[in-house]
1. Collect the residues in the stretch 8-40 that are surrounded by 14 or more Cβ atoms within 10 Å (Cβ to Cβ) and closer than 20 Å to GLU103 by Cα, keeping them in residue-number order.
2. Among the helices (runs of 4 or more DSSP H) confined wholly to the stretch 23-65, which include 2 or more residues that are under 19 Å from MET105 (Cα atoms)?
Amino acid sequence: MRIGHKIERIRKLRGLSQAVLGKSLGGISKQAVSKIEQRTCIDETTIRKIAIILDITPEGLKSFDPEIVLLNMMTPISKIEVETDNENNHMSKETKDLCLFYEKMLRSEKKVQP
């Protein structure tokens, strides 16, 4: 999957429009964001800027795979090892954030399917 498509998918998962991303990138137009999302190669500086806006690491952006996210969402909860903190036996913040991200990704994928 091209890097631009990954940016588009994560942007949509975060609920951002192309116009909002463009404004956050220094006021570029939504058409310019659309062109970025069509690219197969993007320079590291731009990747870092976009990653910050999308609240993801540059490495996470580059390695993003929506199929893996979807497969993880389809795994029965009984098979998922839940991280806990030893004192209170609650899910860690990172695990809760990841679960919320997966839930949003699954809802997004369901909207795309016919």
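Nothing in this text is a laboratory measurement; each read-out follows from the coordinates by a stated rule. All figures in this text were calculated on a predicted structure; none of them were measured in a lab. For neighbour counting, all protein chains shown are included, and Cβ atoms are generated from backbone atoms with ideal geometry for every residue, glycine included.
1. Residues satisfying the conditions are GLU8, ARG9, ILE10, ARG11, LYS12, LEU13, ARG14, LEU16.
2. Numbers: elements: 30-38, 44-53, 58-63.
Because the criterion is at least 2 residues that are under 19 Å from MET105 (Cα atoms), the helices (runs of 4 or more DSSP H) in the stretch 23-65 that meet it are 44-53, 58-63.
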